[in-house]
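The values are calculated or read from the model by the stated rules, or taken from the named source; none is laboratory data. Remember, predicted model here, so these are calculated numbers, not experimental data. Here the Cβ positions follow ideal geometry from the backbone for every residue, glycine too, while neighbour counts run over all protein chains shown. What goes into the accessible areas is simple: the full protein's heavy atoms, side chains included, and nothing from ligands, DNA or RNA. Shrake-Rupley method; radii C 1.70, N 1.55, O 1.52, S 1.80 Å.
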Amino acid sequence: MDTDVDDTCKAGGEGEKGKPIVVLLMGAPGSGKSTFCDQVIRSSARPWVRICQDTINNGKSGTKVQCLKNAARALKEGKSVFIDRCNLESEQRADFMRLGALQVEMHAVVLDLPAKLCVSRSVKRTDHEGNLQGGKAAAVVNSMLRKKELPKLSEGFSRIVFCQNESDVQATLDTYIGLGALDTLPHGCFGQKNPDAKVQLGIMKFLKKVDVPSNARSNASRGQDSAPPEATEVKNPICEGRENISSLSDIAGDITRLHSRGGLHCNVIANAANWRLKPGGGGVNAAIFSAAGPALEVATKEQAKSLSPGNAVVVPLSSASPLHISEGVTHVIHVLGPNMNPNRPNCLDGDYVKGCKILRMAYTSLFEGFLSTVRSQEKLPKGSIEKIGSKPSVLLGHSKDAPKIFSLKSDQKIKRDGVYEHERSKKCKGSQNEVGSDINVSRAGKVNANNDNTGGSNSKVWGSWAQALYNIAMHPQKHKDDLLEIADDFVVLNDLYPKAKKHILVLARCDGLDHLADVSKEHLQLLKMMHAMGLKWAEKFLLEDASLVFRLGYHSVPSMRQLHLHVISQDFDSKHLKNKKHWNTFTTAFFRDSVDVIEEISNHGKATLMDEESVLLMELRCHRCRSAHPNIPRLKSHITNCRAPFPASLLQNGRLVLAPSNT
DNA sequence: GTTCTAGAAC
DNA sequence: GTTCTAGAAC
């Protein structure tokens, strides 16, 4: 900070001796204004009063007039005063500046900390006096910062201090804490580095437009004179459709007119879509679909029928679309953020921690989707974009990360064609030669069990490391030393990496039965036999140790190929249980109890499955008392001691298997 | 599925 | 500084 080495002057300095001080704090929610006041008041020898509009009315929010009255009263009593409100606009400050008439010193302390810090603090806090916290805080902070006007001496301040980071704040704190009743501070402006910077510089650099609001207009006229933008040119690559997230809307305005109105060359625009990927709704989604014309709806349908939170889908825009012709937009990336609306799927029910994770996933999906369009353009000759537009799967195929971006869950009807499948198959390292480009042939006919690692399922590709159980199931005699029991339809073996004191697998030997998704009514008898075999072994273990409790079930989406039933003791006392996925695959709805699977297959012909990603999103909760824990070590130390009864749902329908003495 | 490890979080 | 997670590689 540019302040003098020793800021304080003893009585007789520039300021006038003994005058009370009014300090107007300025800063966004979360900038630390209240903390600043509290720290000074706690440690200063000078009498201070904090005037806070959020609490001035007997602890409740009050009016500006009440603030002014209370401030004037305190000043007349010889106390100094902090005005603890945002005070970001000069108009808001003007009324308080009238206090200067009361023969007091007017100071401003500007807590001009990075926007993202203020946002994260205000989102996380849970005890804010003005109840500005949680999800709504981010929008409020961004909106307030857009209107920020830094204070000037001409407004009537005798001293202004700007704090741009934590150490500036600490230095200013020290100055005010050390200020005795009769001390004064030098007049002037201190610490200002970046006058009136409302927008994060990084964003401006990203857009290569350092002074946008003023020259956007002139660029607009230039844009209108020139020919439509080149389809393959990537200049300002991507613009965010959701206005309250960044300051981009200040710059770009209407996302559907970035070129014609804003002079920005954006080939790819992001749309904060709805889960059905339909036009309509309000705001950005409706505007983009409307500007793009029916071509976008058609192209979107070709890519996906719906989208779950955190995912994105890249839609190439036909060259006939008005948005393509007049704005040069070649792709729209639909992206779906977290949902707090109980009337829509995947409602998070106020869980902002999960919400933040999904938001992060959404941004990652968006940027990876964008990357896939850039990679495609790099590999293809100029002018070939239109061709790509008619074959969207080529675009996806060029990105090695494509399957991750589009998060291919079984319930998302993503269209695939041969090219895309081929690219996907390359992910199976060590086996691509076997599968090769004939994947569609092997898919079309019945799978050759020995050569095709894609298995009998039509929705999952298995890595080479995922074949171990399959190999055992097909050739049990080769592995007989490792097996507990071999029967005609299944084998029993210890899990190689047991996640509990006792953890065995009952492995189906039926070829083509890779996982639960492949199971149908014809396998009902097999499921029942596997269950009976699991029970037999659980009971055997219970004879050896009556304190154990067993659960029998399947993973919704297993990592290892070949249907296998887990029989696992509920102590989870194992060095192999190391991460969140391990825990959540055995203790959440991802684990499908064998009894329930049998019932569902019997009644509906298929089992309900939970998707894989959800497992990693869920917090770590004790399987007995349901308490939440921050990490695996803490969870493990909790479960060693937790003796709470198991949740009621587990105690029903024979989901838990206990020793006869414990039932 | 595991192992390894960079780097985030504390 | 250590602990812990998460992604890549297998």
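Among the listed pairs A:354/A:606; A:278/A:606; A:354/A:528; A:460/A:540; A:460/A:480, which have their C-alpha atoms separated by more than 31 angstrom in this model? Provide the component values of the computation, followed by the final result.
On the way: A:354/A:606 29 Å; A:278/A:606 29 Å; A:354/A:528 37 Å; A:460/A:540 35 Å; A:460/A:480 28 Å.
Where the Cα-Cα span goes over 31 Å, the pairs concerned are A:354/A:528; A:460/A:540.
Working from the alpha-carbon coordinates of the stretch A:262-340, get Rg over Rh, Rh being the Kirkwood radius.
On the way: Rg = 11.8 Å, Rh = 12.4 Å.
Answer for the stretch A:262-340: 0.95.
From the protein chains alone at 1.4 Å, what is the descending order of accessible area for A:661, A:569, A:306, largest first?
On the way: A:661 95, A:569 0, A:306 25 Å².
Accessible-area ranking of A:661, A:569, A:306, largest first: A:661, A:306, A:569.
What is the magnitude of the charge dipole of the stretch A:21-190 about its Cα centre, with +1 placed on the Cβ of each Lys and Arg, -1 on the Cβ of each Asp and Glu, and no other charges, expressed in debye to the nearest 20? Display every interim value, and only then the final one.
Numbers: 23 positive and 17 negative charges, 90 e Å.
Approximately 440 debye in magnitude.
First obtain the Kirkwood hydrodynamic radius of the stretch A:464-662 from its Cα pairs, then insert it into the Stokes-Einstein equation at 37 °C and 0.692 mPa s, and state the resulting D in µm² per second as a whole number. Intermediate results must be reported in sequence, preceding the final value.
On the way: Rh = 17.2 Å.
So the translational diffusion coefficient is about 191 µm²/s.
Assuming a viscosity of 1.306 mPa s and a temperature of 10 °C, what translational diffusion coefficient in µm² per second does Stokes-Einstein assign to the stretch A:21-190, Rh being the Kirkwood radius over Cα pairs?
On the way: Rh = 16.1 Å.
Estimated via Stokes-Einstein, D reaches 99 µm²/s.
Distance check, please: which entries in A:60/A:147; A:478/A:580; A:501/A:578; A:64/A:152 exceed 24 angstrom between their Cα atoms?
A:60/A:147; A:478/A:580
Name the long-range amide H neighbours of residue A:23: under 5 Å, sequence gap of 5 or more, or other chain; modelled H, no Pro or chain starts.
So residue A:23 has HN proximity to A:81, A:82, A:83, A:107.
Which of the trypsin sites (Lys or Arg not before Pro) found in the stretch A:558-656 are loop residues per DSSP with 13 or fewer other Cβ atoms within 10 Å of their Cβ? Provide the component values of the computation, followed by the final result.
Numbers: sites: A:561, A:575, A:578, A:580, A:581, A:592, A:606, A:621, A:624, A:626, A:634, A:636, A:643, A:655; in loops: A:561, A:575, A:578, A:606, A:624, A:626, A:643, A:655.
Of the trypsin sites (Lys or Arg not before Pro), the ones in loops of the stretch A:558-656 whose Cβ has at most 13 other Cβ atoms within 10 Å are A:575, A:626, A:643.
Would you please put A:315-327, A:138-150 in order of how densely packed they are, using the mean number of other Cβ atoms within 10 angstrom per residue and starting with the highest?
Values: A:315-327: 21.5, A:138-150: 18.0.
By packing density, highest mean first, the sequence is A:315-327, A:138-150.
Sort A:352, A:554 from largest to smallest accessible area, using a 1.4 Å probe on the heavy atoms of the protein chains.
Numbers: A:352 105, A:554 5 Å².
From most accessible down to least: A:352, A:554.
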